[in-house]
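To keep things clear, I will list the structure first and then write my remarks on it.
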Amino acid sequence: MKINVINPLTKESLYDIEPIQEKELEEVYDKAKSIQKKIASLSVKDRAKEIVKISDYLIDHHKTICDRVVSETGKTTFEALSNELFGICDTIDYYRDQAEKILKPQKVHTSLVLMGKKSRIEFDPMGTVLIIAPWNYPLIQCFVPSILAFLAGNAVVYKPSEITPLKGLYEEILDGAGFMKDAIQIVYGGKDTGAALIEQKPDKIHFTGSTRAGKQIMEAASKNLIPVDLELGGKDPAIVFEDVNIEKTANGLVWAAFTNAGQSCTSIERCYVHESIFDEMTEKVVAITKKLRLANPDCENCEADVGCMTAEFQLKKVEEQLKDAVGRGAKVHCGGTKVEGSMIIPPTVVTEVTNDMDLITEETFGPILPLIKFSTEKEVIEMANDSEYGLSASVWSKDLKRADRVTASLKVGNVSINNHMLT
């Protein structure tokens, strides 16, 4: 069945994608297995030279590439450039120089029991890596994991989301760059296609997306003991102590909550602010938020700070969570109502929320920033850790010893200090 792809900002139908057939899937994996031997035979230095071709092409054609990303995601041009294209180029620039060192065989200590023997760790390719990507960052979520898998000597089969498939753009970039043919193959389709790709028994799976889908992929992979990387949902807390620079911190919070219209796994979804500065911080955050320029369905090329929601189902989820919170006493300071007839939710700041509301317990993945008051370090650590999610967090304070202490107490994968979203 054909899948229609739309421009979420204008609601214009862009094109249809036809899911790949099972027979074609077998051919894709046969090509991957064949080309993988060639990739593995290259030195890491030669593989590094190959990936630079991609960044060169992205830079030379950044305008048309960003326009295409914007048309399918509804994000702003600046976000397409900075969060996607620049991120890919930065990754390539780093690993171009570091890959040889990282993948070099490592000598390791041999215990006394094995006296007279030597030990080392070598990094061998796994084979064919299947990458299943989300709809929120379709360009960077293709090329960053793909080039890393390639650098390690693997062939890649990549399935973009059916919501933002960027059909033909990946091939245009790879072919235009002169990248090794078939080293990264693109397969289009929906959930059934993803399931069929797993049934072909890749040597590894890298998935970014929802927790629900991640569980399904892990279950399917377990039948053949396929190793998996899962980067799933987040409900990331920011903790703001009383000694921060109000102006600077407020700008950081607003950016980290609303970039990409809040559609980032590591965006701020819960913001805990010390009671002594709560009112002042709320006032400043609201003032900055109100100045943000919204995307305009009638003027695609107009300058904007915040784009629209990409997926209809996610828009409804954001609206439901906000409605539930307001119905239970939450206060909306700005935003809060979808722009009529559009996929645009203005950046929304909410207070008087409680830790039992869906807005606080469930992933929102939209431009909503809840501000929550706290009084003590112990209390805020307990509040931040009271979540089923544990992707990332941030701590804001001039007291770096306190920041390190709080960081060590948070049950998350990574924490930024006086910054957010890893960067």
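The values are calculated or read from the model by the stated rules, or taken from the named source; none is laboratory data. Just so you know, these numbers come straight off a predicted model, no measurement behind them. Cβ: placed from backbone, ideal geometry, glycine included. Neighbour counts: every protein chain shown. Areas reflect the complete protein model, heavy atoms only, side chains present, ligands, DNA and RNA absent. Shrake-Rupley method; radii C 1.70, N 1.55, O 1.52, S 1.80 Å.
At 4 °C and 1.567 mPa s, grab the translational diffusion coefficient of the stretch 297-423 from Stokes-Einstein with a Kirkwood Rh over Cα pairs, rounded to a whole number in µm² per second.
79
Toward the positive end of the charge dipole of the stretch 155-243, about the Cα centre and with charges on Cβ (Lys, Arg +1; Asp, Glu -1), which of G178, I198, G209 goes farthest?
I198
Calculate the dipole size of the chain relative to its Cα centre from +1 charges on Lys and Arg beta carbons and -1 charges on Asp and Glu beta carbons; express the result in debye to the nearest 20.
Its charge dipole is roughly 1420 debye.
Non-local amide H neighbours of V273 (under 5 Å, H modeled in plane, Pro and chain starts lacking H): which ones?
Hits under the 5 Å cutoff: V240, I372, K373, F374.
For the stretch 282-336, what is the per residue volume of the convex hull drawn over the alpha-carbon atoms, in cubic angstrom?
Spread over its residues, the Cα hull of the stretch 282-336 gives 90 Å³ apiece.
With r as the distance between the Cβ atoms of E219 and D93 and R0 = 45 Å, compute the FRET efficiency 1/(1 + (r/R0)^6) and round to 0.05.
0.75
Report the rotationally averaged projected area of the stretch 1-65 based on its alpha-carbon convex hull, in square nanometres.
Seen from a random direction, the Cα hull of the stretch 1-65 projects 7.1 nm² on average.
Enter the accessible area of S342 (Å², nearest 10), with the probe set to 1.4 Å and all protein chains included.
Accessible surface of S342 is approximately 10 Å².
Tell me, what HN-Hα J-couplings in whole Hz come from the Karplus equation 6.51 cos²θ - 1.76 cosθ + 1.60 at θ = phi - 60° for each residue of the stretch 24-30, using x for Gly and Pro?
Along the stretch 24-30, the couplings run 5, 4, 4, 5, 4, 5, 4 Hz.
Compute, for the stretch 189-297, the length of the dipole vector about the Cα centre, with Cβ point charges of +1 (Lys, Arg) and -1 (Asp, Glu) only. Units Debye, rounded to 20.
500
Per residue, what accessible area does the chain have, given a 1.4 Å probe and all protein chains present, in Å²?
Heavy-atom SASA per residue in the chain reads 48 Å².
For the chain, what is the mean residue ellipticity at 222 nm derived from helices alone (per DSSP H run of n ≥ 4: -39500 (n - 2.57); sum divided by total residues; nearest 500 deg cm²/dmol)?
-13000 deg cm²/dmol
Name the GluC sites (Glu not before Pro) in the stretch 70-179 that are in a loop by DSSP and that have at most 10 other C-beta atoms within 10 Å, would you?
Qualifying residues, ordered by number: E122.
To check my understanding: the extent here is largest minus smallest coordinate of the Cα atoms along each principal axis. What are those three numbers for the chain, in Å, largest first?
That works out to 64, 61, 41 Å along the principal axes.
Over the stretch 315-363, what is the relative contact order in whole percent, taking alpha-carbon pairs under 8 Å and six or more residues apart?
Across the stretch 315-363, relative contact order equals 36 percent.
Explain nothing, just the number: dipole magnitude of the stretch 109-213 about its Cα centre with +1 on each Lys and Arg Cβ and -1 on each Asp and Glu Cβ, in debye rounded to the nearest 20.
That gives a dipole near 480 debye.
For the chain, what relative contact order do you get, as a whole percent, if you take Cα pairs closer than 8 Å and at least 6 residues apart?
Relative CO of the chain lands at 16 percent.
Leaving ligands, DNA and RNA out of it, rank S13, S264, S71, S210 by accessible area with a 1.4 Å probe, largest first.
Ranking S13, S264, S71, S210 by accessible area, largest first, yields S13, S210, S71, S264.
Based on the Cβ-Cβ distance of K378 and K33, what FRET efficiency does E = 1/(1 + (r/R0)^6) give at R0 = 56 Å, to the nearest 0.05?
0.55
Once you place label points 7 Å from the Cα toward the Cβ at E247 and D192, how far apart are they in nm?
5.8
Using protein chains only and a probe of 1.4 angstrom, how many square angstrom of Y94 are accessible, to the nearest 10?
Using a 1.4 Å probe on the heavy atoms, I get roughly 120 Å².
Largest first, how would D203, D97 line up by accessible area (1.4 Å probe)?
Descending order: D97, D203.
Could you tell me the accessible area of C271 in Å² (1.4 Å probe, neighbours in place), rounded to the nearest ten?
Counting only protein heavy atoms, C271 exposes about 0 Å² to solvent.
Taking the stretch 237-354, how many lysine pairs are there with alpha carbons less than 12 Å apart, if each pair must be eight or more places apart or span two chains?
Lysine pairs meeting both conditions in the stretch 237-354 amount to 4.
Starting from the 7 Å offset along Cα-to-Cβ, what nm value, one decimal, do you get for the label separation of F123 and D16?
Once both label points are built, they end up 4.5 nm from each other.
Report, in whole Å, the centroid distance computed from the Cα atoms of the stretch 199-229 and the stretch 372-412.
Rounded to whole Å, the Cα centres lie 31 Å apart.
Write out the cysteines belonging to the chain for which the nearest other cysteine Cβ is not under 4.7 Å, or none if no such cysteine exists.
When partners are defined as cysteine Cβ atoms under 4.7 Å apart, the chain leaves C66, C89, C142, C265, C271, C308, C334 without one.
At what distance in angstrom do the alpha carbon centres of the stretch 297-343 and the stretch 8-29 lie from each other?
28
Restricting to the chain, compute how many DSSP beta bridges are antiparallel as a %, nearest 5.
Percent antiparallel among DSSP bridges in the chain is about 20.
Provide the FRET efficiency to the nearest 0.05 for the D324-M115 pair, computing r from the beta carbons and using R0 = 60 Å.
0.35
With the Cα gyration tensor of the stretch 49-94 giving a ≥ b ≥ c as the square roots of its eigenvalues, does the rule (a/c under 1.5 for rounded; else a/b larger than b/c for prolate; else oblate) give rounded, prolate or oblate?
Here the stretch 49-94 falls in the prolate category.
Which order do M115, M309 take when ranked by solvent-accessible area (1.4 Å probe, heavy atoms of all protein chains), largest first?
Reading off the accessible areas and sorting them downward yields M115, M309.
At a Cα cut-off below 19 Å, give the lysines reachable from K167, other chains included and same-chain residues fewer than 8 away excluded.
K2, K11, K63, K75, K159, K181, K191
Multiply the residue gap between N385 and A40 by 0.36 nm, knock off their C-alpha separation, and tell me the result in nm, one decimal place.
119.9 nm
Could you check the simple spin-label distance between D298 and I417, using points 7 Å along Cα→Cβ, in nm with one decimal?
Each label point is offset 7 Å from its Cα along the Cβ direction, giving 5.0 nm.
In whole Hz, with x marking every Gly and Pro, tabulate ³J(HN,Hα) for the stretch 188-203 from phi via Karplus 6.51 cos²θ - 1.76 cosθ + 1.60, θ = phi - 60°.
In residue order, the calculated couplings are 9, x, x, 5, 4, 5, x, 5, 5, 5, 5, 5, 6, 6, x, 7 Hz.
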